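Since the structure comes first, as C-alpha cells, the remarks are kept for the end.
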Amino acid sequence: MPITQEQIVIALKKVDSGTGDLDIVTRDWVKEIVIDGCRVTVILEVPARAGPTLEPVRADAEKALRSLPEIKSGKVVLTAQIPKNGGKAAQSKKPSKAGGQLDLPDVKFIIAVASGKGGVGKSTTAANIAVALARLGPSVAVFDADIFGPSMPRLFGLSGRKPNTDGKRIIPLQAHGIKLMSIGFMIAEDDPIIWRGPMIMGALEQMFRDVAWGKTDVMIVDMPPGTGDTQLTISQRVPLAGAVIVSTPQDIALLDARKGLNMFKRVEIPILGIIENMSYHLCAACGHREEIFDHGGACRTAEELGAPFLGEVPLDLNIRTTSDEGLPIVMSDPDSPHSQEYMEIARKIWAKVSAGERKAPTISIGGKTVV
Ligand SMILES: Nc1ncnc2c1ncn2[C@@H]1O[C@H](COP(=O)(O)OP(=O)(O)OP(=O)(O)O)[C@@H](O)[C@H]1O
Ligand SMILES: [Mg+2]
C-alpha cells in the first residue's frame, strides 16, 4: 500500500518544534508533503529568525519520516516564512520600500550579474569581477543567488566547506579577501531540493539577512539563469544599485540578453552595462584570434538599447581551468590580458556605482534649495 499524507502527518505530529510542548504540525510548519512513490519530501516553513537553530528539529522530522516502513527515502527541507508585510518590518526599524525590499544596512552597493539565458558565463564573470573589484580597493562580498546550480563554492575553491555561526548569525566564508554566501554551503551539491517560487525567496532572504556581512562596499549577486518569476522577485526584493548583463555574441543569446535587460528596466533597476563573454577565441598554441561567433553583437545591442558596453572577454581555456581550480584568473594570473580586461570592466562598474554616492552640491537661498 502506498503511503498517504495522513500517515505522514501522524508521524510528524510526534516531532517537537523545539519548545517541548508544541509539535511541528500544531505549529503549522508543515507546508507541503510531496509523495513520489516511496520517496517523500516534506517542506517545513519556519520563522526566518529561528531557521539556523532548527536543524535538530529538521533531523527529528526526517527520522520520523524514515521510521515509516513504506518510505524508502524521506527528506525534510526547511524554508523561511515570508511575513505578510513582505518580510522586513519585523527586523527593521526603517520603513520598508516598495514590495518589501530587504534591508542590508551594512552593504553599500548591490550589483546583480545576470543574463537572459543559462550557461553564458555569468558566474565566471561575477567571480572575476568580484576579485577585480577587491583588487581596486573596496570591500567585496559575493552572494550566489543561484539556488538550482550554485557555482560560487567551486569558483572560489570552497566546495564542501560549511560556514560557522556566532550563535546568532552565519559567518560568511572568505576567499581571496571576499566574503561569500551560497546555498551550496548549506546543502550537498547533488542534493535534489524541490523548490517552489515562494520557498526560493524565503531561502534567499534568510541567506541575505542571517549572514553577518559586516561593512561591505559592494556585493555581487550571481543571478540564476533566465527571466522568470524568481529573477523578477529577486530584482524587486533586493535593493540593487544596478545590473550587469552578460551575453555571448550569438544572436540568440543577445535576444535573451535583451529579455534580461528589459526585466531590470521593468523594475527600474539601472543597467550598468553589457559584457560580451566568449567574445572571440584565442588559440592557446599560436595566439591566433578567431571570431567564432559574430563578435561585437553585444556592443551593437548595447548601443541600440542605450545601455553602456562594459567590455569583452574571450573564450579562453585558462579562464575555464582557473575557474575549475577555484582560483579565478584575476587572482591566479593578474597580469594576463584577460585579467586586465576584467579589471577594466570592474573599474567601469565601480566608477558608475560610486558616482551615485557623491551627491552634487546644492545651493540654498533662504532655506530653499535652488540648485
Ligand atoms: N570566457 C570564458 N572562456 C572559457 N570558458 C568560459 C568562459 N566563461 C565561462 N566559461 C565556462 O563556461 C561554462 C559556463 O560558465 P558559467 O557557469 O560561468 O555560466 P553561467 O551563465 O553562470 O551558467 P548558469 O546559467 O548555469 O548559471 C563553465 O564551464 C565556465 O568555466
Ligand atoms: Mg551560474
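Each reported figure results from applying straightforward, stated rules to the coordinates on display, with no laboratory input. Since the model is a prediction, treat every value here as computed from it, not as a measurement. Methodologically, a virtual Cβ is constructed for each residue, glycine included, from the backbone with ideal geometry; neighbour enumeration extends over all protein chains shown.
Test of understanding: ordering Ser323, Ser115 by Cβ neighbours within 10 Å, fewest first, what list do you get?
Ser323, Ser115
In deg cm²/dmol, rounded to 500, what helix-only [θ] at 222 nm does the chain give when every DSSP H run of at least 4 residues adds -39500 (n - 2.57) and the total is split over its residues?
That calculation yields -9500 deg cm²/dmol at 222 nm.
Grab the Cα-Cα distance for Thr321 and Lys168, subtract it from 0.36 nm times how many residues apart they are, and report the gain in nm with one decimal.
51.3 nm
Report ³J(HN,Hα) in whole Hz for each residue of the range 277-282, in order, from the Karplus equation J = 6.51 cos²θ - 1.76 cosθ + 1.60 where θ = phi - 60°; Gly and Pro get x.
Computed from phi, the couplings for the range 277-282 are 9, 6, 5, 8, 10, 9 Hz.
Taking a threshold of 23 Å on the Cα-Cα distance, which of the pairs Lys122/Lys265; Lys117/Lys162; Lys31/Lys168; Lys108/Lys179; Lys122/Lys215; Lys14/Lys72 fall above it?
Lys117/Lys162; Lys31/Lys168; Lys122/Lys215
For Thr4 paired with Ser73, estimate the spin-label separation in nm (one decimal), with each label point 7 Å from Cα along the Cα-to-Cβ line.
2.6
Taking 1 over the mean of 1/r across every pair of different Cα atoms in the chain, what Kirkwood radius in Å do you get?
22.3
Above 15 angstrom, tally the Cα pairs of the range 5-80 and express them as a % of all pairs, no decimals.
Numbers: 1328 of 2850 pairs.
When every Cα pair of the range 5-80 is considered, 47 percent fall beyond 15 Å.
Which peptide among 28-38, 173-183, 325-335, 268-278 comes first, and what is the full order, when sorted by highest mean count of other Cβ atoms within 10 Å? Don't skip to the answer; put the middle values down first.
Details: 28-38: 15.2, 173-183: 21.2, 325-335: 18.7, 268-278: 23.0.
The densest-packed peptide leads the list: 268-278, 173-183, 325-335, 28-38.
Under the rule of at least 5 residues apart or a separate chain, name every residue whose amide H is placed under 5 Å from the amide H of Glu32.
Result for Glu32 returns Ile43.
Which FRET efficiency value, to the nearest 0.05, do you get for Asp335 and Glu290 by plugging their Cβ-Cβ distance into 1/(1 + (r/R0)^6) with R0 = 30 Å?
0.80
Any aspartates and glutamates with Cα under 20 Å of the Lys13 Cα? List them, leaving off those in the same chain fewer than 8 positions away.
Cα-Cα hits under 20 Å: Asp21, Asp23, Asp28, Glu32, Glu45, Glu55, Asp60, Glu62, Glu70.
Around Val313, which amide H atoms from residues at least 5 apart in sequence, or from another chain, sit under 5 Å from its own amide H, with H modelled in the peptide plane?
Glu276, Asn277, Met278, Ser279
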